[in-house]
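In what follows, a structure is listed as structure tokens, so that the remarks can point back to it.
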Amino acid sequence: MRLASFRWRGRDRIGLATGDDSVADLAEVAAAMGRQPASMPADMIALIAAGPEGLALLQDARRFVTDHPD
């Protein structure tokens with residue numbers, strides 16, 4: 001799994017690579033999955049610090065993006 005940190009409209013974001021040249025915004029994917037914004041890590045450091053819960057979020061997001069490519 002490849003991740004990226006990026007800045008969009010003045011905010012730091014976490015990205016999940018969905019292909020060689022595509023990145024999905026983890027917060028937007030999580031919202032589409034029905035996750036509450038307050039449960040999202042604020043940045044990559046917070047995601048890593050979340051440990052197993054952060055990894056589970058990433059795995060769920062990757063599965064969701066794979067199942068819903070549009």
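The values are calculated or read from the model by the stated rules, or taken from the named source; none is laboratory data. All values reported here derive from a predicted model rather than from experimental measurement. Note: ideal-geometry Cβ built from the backbone for every residue, glycine included; neighbour counts use all protein chains shown. With ligands, DNA and RNA removed, areas are computed over all heavy atoms of the protein, side chains included. Shrake-Rupley method; radii C 1.70, N 1.55, O 1.52, S 1.80 Å.
When Asp12 is tested against (1) open to solvent by 50 Å² or more (accessible area, probe 1.4 Å); (2) under 11 Å from the mean Cα position of the chain (by Cα), exactly one condition is not met: (2). When Val23 is tested against (1) surrounded by fewer than 12 Cβ atoms within 10 Å (Cβ to Cβ); (2) within 17 Å of Asp70 (Cβ to Cβ); (3) at pLDDT 90 or above; (4) not acidic (Asp, Glu), exactly one condition is not met: (1). Restricting attention to region 26-58, the residues that are touching a Leu at 6+ places or on another chain (Cβ under 6 Å) and either aliphatic (A, V, I, L, M) or surrounded by fewer than 16 Cβ atoms within 10 Å (Cβ to Cβ) (or both) total 1.
Per the listing Met1, Met40, Met33, the residue uniquely at pLDDT below 95, in contact with an Asp or Glu (Cβ under 9 Å, 6 or more places away or on another chain) and not hydroxyl-bearing (Ser, Thr, Tyr) is Met33.
Residues that are farther than 14 Å from Val65 by Cα and within 12 Å of the chain's Cα centre (by Cα) within region 26-38 comprise Arg35, Pro37, listed in sequence order.
The listed residues are Ala32, Ala4, and the only one of them that is in contact with a His (Cβ under 9 Å, 6 or more places away or on another chain) and without any contact (Cβ under 8 Å) to a residue 40 or more places away in the chain turns out to be Ala32.
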